[in-house]
Amino acid sequence: MNGKKLYRIRGGRKILGVCGGLANYFDIDPTIVRVVFALIGLFWGAGILAYFIMALVIPENPYEIVD
């Protein structure tokens, strides 16, 4: 195991911090994750449902300090 944990971000989030958290976990740009979720949501509708389910399941980052 690499010791990484998946958390929703608290600072710099647009809606609930899911895309930013996924981007931090996979070490990619959050804009890419947001575009992928938007495309899946527009074409299949499952992206919106998946986003809100992940927002319920993934905890917020307790170690992140928000100004």
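The values are calculated or read from the model by the stated rules, or taken from the named source; none is laboratory data. In this text the structure is predicted, and so the values were computed from the model without any measurement. All Cβ positions, even for glycine, are placed from backbone atoms using ideal geometry, and neighbour counts span all protein chains on display. Only protein heavy atoms, including side chains, enter the accessible area calculation; ligands, DNA and RNA are left aside. Shrake-Rupley method; radii C 1.70, N 1.55, O 1.52, S 1.80 Å.
A few notes on this one:
- Meets criteria (among the aliphatic types (A, V, I, L, M) and buried (at least 16 other Cβ atoms within 10 Å of the Cβ)) for Val33: yes
- Scan of region 16-29 for residues that are free of Cβ contacts under 8 Å to residues at least 12 places away in the same chain and open to solvent by 40 Å² or more (accessible area, probe 1.4 Å), ordered by number: Phe26, Asp27, Ile28, Asp29
- Checking each residue in region 16-39 for being assigned to a helix (DSSP H, G or I) and more than 17 Å from Lys5 (Cα to Cα) picks out Thr31, Ile32, Val33, Arg34, Val35, Val36, Phe37, Ala38, Leu39.
- When region 40-67 is filtered for residues that are surrounded by 13 or more Cβ atoms within 10 Å (Cβ to Cβ) and part of a loop (DSSP other than H, G, I, E, B), the ones remaining, listed by number, are Ile58, Asn61, Glu64.
- In this structure, Asn2 does satisfy being modelled with pLDDT under 85 and open to solvent by 60 Å² or more (accessible area, probe 1.4 Å).
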